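Below is one structure; the comments refer to it alone.
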Amino acid sequence: MTRRTPLNEAHRKLGARMVDFVGWDMPVQYSSVIAEHEAVRTAVGLFDVSHMGEIEFTGPGALETVNRLISNDLARCQDGQAVYAGLLNDLGGFVDDVVAYRFSPERILICVNSSNREKDFAWMKARAEGVTPVDRGDDYAQIAVQGPKAVGLVQRLTKADLSQVGTYRFTQGEVAGVKSIISRTGYTGEDGFELYCASDDAVKLWDALLEAGQPDGVKPCGLGARDSLRTEMKYALYGNDIDDAHTALEAGLGWIVKLDKAGGFIGKDALVAQKAAGVPRKLVGFELTGAGIPRHGYPILKDGVRVGEVTSGTQGPTVKKPIGMGYVPTALATEGSTFDVEIRGRAVPAVVVKTPFLKKS
């Protein structure tokens, strides 16, 4: 059965083109992907990300329980901080990539990918020692407000002092009269917030943001722009760029792995061993130097031999280049290395470049 977010009817009233996305009826675009992409880069865009899941740990030992499940280290954080982390399997591959919010040592909220909501909850519940997680996914709606004018828009609607909320920090307060978690996180490369509110309040908050953002040129944005925006930043997408068969070190996400944290975490031993032996393949960003657009699943060739495949690719609307990501042998992972991408039977030359593709000032 197809699932719907609390904002489903709002999207339809705005004329969104709806598609099935991992079992959810979601807007892929309203006007055009490029127009929505550029609105986020130059002004402000709104995304419904209520399909994401939320899993909560509360009570004595919550911090210690969660810290054994995630690769990053919440114990090094203060209350009001969030971390990007991996839920890793015993081989160091990704069960999922998540954001964990530390409200206090006795309350931790974890945001998980929509495609993994049920799987992640079962995985955590089976491995949690001390505190039993609660699936809060149906209780929350989530709206991402992203772009250079996002902070000003949200600030006009809240009494909370957003200048005190740094990157990967959060606070709680009312936004347009709606009780919200105001998190300075995002998936676009732009400044902005992800606002968590009760599902019943989602339409009120969405409508208020659209109305108050009219002078800023606000646009509702769909999954298409979300994908092109994150690709320009080389942000990994679960199921494309990271999965259970690729380790955090191979994905270039060693910075979210704290091998030295007290108590360890699931997958640590495998990563320690891989680091010592040498990482055999790496996720790289590349540009095509020939005609074509790289797409997920296209073969990567070296001297005519398949050595990997494209995990994500697009024509970057802001960088105005055909860009992509893919796993290649480590020997081909250095900046300036060349290979070919097979596009409809043609070998199109490509070069490994320093990422993110879009350089933010």
#### Entry: Matching residues in the range 311-361 - criterion: being of a type in the set (S, T, N, Q) and closer than 18 Å to Tyr298 by Cβ
Thr311, Ser312, Thr314, Gln315, Ser337, Thr338
### Task
State all residues of the range 268-308 that are under 21 Å from the mean Cα position of the chain (by Cα), of a type in the set (Gly, Ala, Ser) and either closer than 18 Å to Val353 by Cβ or buried (at least 18 other Cβ atoms within 10 Å of the Cβ) (or both); if no residue qualifies, say none.
Gly285
### Residue list for the range 122-131, filter: open to solvent by 60 Å² or more (accessible area, probe 1.4 Å) and in contact (Cβ under 8 Å) with a residue 60 or more places away in the chain
Arg127, Glu129, Gly130
## Note on the structure
Of (1) open to solvent by 60 Å² or more (accessible area, probe 1.4 Å); (2) in contact (Cβ under 8 Å) with a residue 40 or more places away in the chain; (3) not in a loop (DSSP other than H, G, I, E, B), Lys119 fails just (2)
#### Entry: Qualifying residues in the range 215-256 (those that are among the small types (Gly, Ala, Ser) and more than 30 Å from Lys268 (Cα to Cα)) - the one surrounded by the fewest Cβ atoms within 10 Å (Cβ to Cβ)
Gly217
### Message
Would you confirm whether or not the range 140-149 contains a residue that is closer than 29 Å to Ala39 by Cα, touching a Lys or Arg at 6+ places or on another chain (Cβ under 9 Å) and of a type in the set (Val, Ile, Thr)?
### Response
no
### Where Tyr140 falls short, out of the listed (1) open to solvent by less than 10 Å² (accessible area, probe 1.4 Å); (2) within 16 Å of Thr185 (Cβ to Cβ)
(1)
### Query
Within the range 92-103, is even one residue acidic (Asp, Glu), open to solvent by less than 10 Å² (accessible area, probe 1.4 Å), assigned to a helix (DSSP H, G or I) and touching a strand residue (DSSP E or B) at 6+ places or on another chain (Cβ under 7 Å)?
no
### Task
Could you tell me which numbered condition Gly186 fails, if it satisfies all but one of (1) part of a loop (DSSP other than H, G, I, E, B); (2) surrounded by fewer than 20 Cβ atoms within 10 Å (Cβ to Cβ)?
(2)
### Query
What number goes with the only condition from (1) closer than 17 Å to Asp48 by Cβ; (2) of a type in the set (A, V, I, L, M); (3) crowded, with 23+ Cβ neighbours inside 10 Å that Leu210 does not pass?
(3)
### Task
Considering only the range 315-356, state which residues are open to solvent by 20 Å² or more (accessible area, probe 1.4 Å) and under 16 Å from Asn240 (Cβ atoms).
Thr355
### Message
free of Cβ contacts under 8 Å to residues at least 40 places away in the same chain and surrounded by fewer than 20 Cβ atoms within 10 Å (Cβ to Cβ): is that true of Lys261 in this structure?
### Response
no
### Task
Name every residue in the range 338-361 that is hydrophobic (A, V, I, L, M, F, W, C) and out of contact with any Pro (no Cβ under 6 Å at 6 or more places or on another chain), in order of residue number.
Phe339, Ile343, Ala347, Val348, Ala350, Val351, Val352, Val353, Phe357, Leu358
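Quick grid of which residues meet (1) at pLDDT below 95; (2) closer than 23 Å to Ala85 by Cβ; (3) among the acidic types (Asp, Glu):
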{"site": "Ala176", "(1), (2), (3)": "no, no, no"}
{"site": "Leu195", "(1), (2), (3)": "no, yes, no"}
{"site": "Asp200", "(1), (2), (3)": "no, no, yes"}
{"site": "Glu211", "(1), (2), (3)": "no, no, yes"}
{"site": "Gln214", "(1), (2), (3)": "no, no, no"}
{"site": "Asp241", "(1), (2), (3)": "no, yes, yes"}
### Query
Which residues, taken from the range 145-182, are touching a residue at least 24 places away in the same chain (Cβ under 8 Å), farther than 17 Å from Val40 by Cβ and in a strand (DSSP E or B)?
Thr158, Arg169, Phe170, Thr171, Val175, Val178, Ser180, Ile181, Ile182
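The values are calculated or read from the model by the stated rules, or taken from the named source; none is laboratory data. Computed from a predicted structure; not experimentally measured. When we count neighbours, we look across all protein chains shown, and the Cβ atoms used for this are built from the backbone with ideal geometry, even at glycine. Areas reflect the complete protein model, heavy atoms only, side chains present, ligands, DNA and RNA absent. Shrake-Rupley method; radii C 1.70, N 1.55, O 1.52, S 1.80 Å.
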